[in-house]
Structures are given as structure tokens and as C-alpha cells.
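To start, the structure under review is shown below, and the notes come after it.
The values are calculated or read from the model by the stated rules, or taken from the named source; none is laboratory data. This one's a predicted model, so the numbers in the text were calculated from it and none came from an experiment. Counting neighbours? That spans all protein chains shown, and the Cβs are built from the backbone with ideal geometry, glycine included. Quick note on the areas: whole protein, heavy atoms, side chains included, nothing else; ligands and nucleic acids left out. Shrake-Rupley method; radii C 1.70, N 1.55, O 1.52, S 1.80 Å.
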Amino acid sequence: MPWTTPPHGRLRCAQCGCGSPPLLGSVDEPAAIESCRRQLHEATEGRSATHPDVPLGRAVLRGHPVEVLAQDAERAIAVVVGRRGREGFVGMRLGSVPHGLLRRAACPVVVVPPLAPGDREGLPSEAREGEEPPSAVG
């Protein structure tokens with residue numbers, strides 16, 4: 001059965017934390033935001049060719065990722081967020097952002113684990129090369 005788009009369906013991809021104040025030192029905020037926009041565009045540029053019927057919105061959100069994603073998802077059907085898999089504590093296997101979203105988001109949260117190195121074969125080149133996909137709110 002072919003994949004079909006629900007009426008008024010759209011996908012919104014967001015990059016979070018860009019331009020947020022660093023713990024030490026200073027940040028060139030306009031350059032950081034532009035870098036985030038570039039990364040977001042690169043991570044999503046091939047999607048229109050594979051799913052042309054699904055409109056895609058892109059957003060660079062400033063602030064703490066849990067807070068801004070939860071707020072951005074207030075009218076969403078679901079939030080899809082990746083996890084890096086770097087946390088060592090058993091209770092923190094999800095990571096702080098997915099864990100926080102599970103507690104704060106008003107909609108279901110889908111947490112996508114990182115791909116193992118061998119799992120990237122067969123994926124489009126932009127998915128094989130990217131380290132972490134942006135969060136999707138839709």
C-alpha cells in the first residue's frame with residue numbers, strides 16, 4: 001500500500017539551542033544561528049524528493065531544547081527526537097532532552113535511537129553522513 005499524506009499533514013523540523021549563551025566565553029549569535037540553519041537545511045534537503053506531498057517547515061529555535069520543543073509541539077500530533085546514545089547512566093539512557101520532553105510535551109514523544117555504524121547502509125547519503133538528525137515536530 002502506498003504511503004499517503006493525511007489532509008493538512010506537514011512536517012516541521014527544528015534545530016534547538018543555537019545561539020544560546022555558552023557556559024564559558026562568548027558566542028557570535030548571528031553566526032551560530034546561520035550555522036544551525038545551514039545544518040538543518042543539509043539534514044533535510046533530500047526529503048522533498050522522497051516525500052513531495054508532505055510540506056516541510058524548518059525552524060531554528062533559541063533556548064533550552066526541552067522548553068522550546070515542548071512549547072513548539074503544543075499543537076503537534078507527535079514529537080520525534082533523536083538521542084545520541086552517549087549517556088552512561090542506566091537511568092539516563094534516553095538523554096536529558098528526550099527525558100524532559102516525555103515529561104513536558106503535551107503530545108506523544110517518539111525517541112529514535114542512534115544508528116549503529118552498520119545500519120547506515122541503504123540510507124540516502126545525507127542520512128549516512130549526518131551525525132544527528134534534527135528534531136521533528138508535526
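Quick rundown of the values:
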item: Residues located in region 99-111, provided they are closer than 13 Å to residue 78 by Cα and either under 14 Å from the mean Cα position of the chain (by Cα) or open to solvent by less than 60 Å² (accessible area, probe 1.4 Å) (or both); result: 101, 105, 107, 109, 110, 111
item: Close pairs (9 angstrom Cβ cut-off, 6 or more residues apart or separate chains): closer than 9 Å to residue 105 by Cβ and touching a residue at least 60 places away in the same chain (Cβ under 8 Å) in region 65-76, open to solvent by less than 40 Å² (accessible area, probe 1.4 Å) and part of a loop (DSSP other than H, G, I, E, B) anywhere; result: 69/105; 73/105; 73/107; 73/138; 76/105; 76/107; 76/138
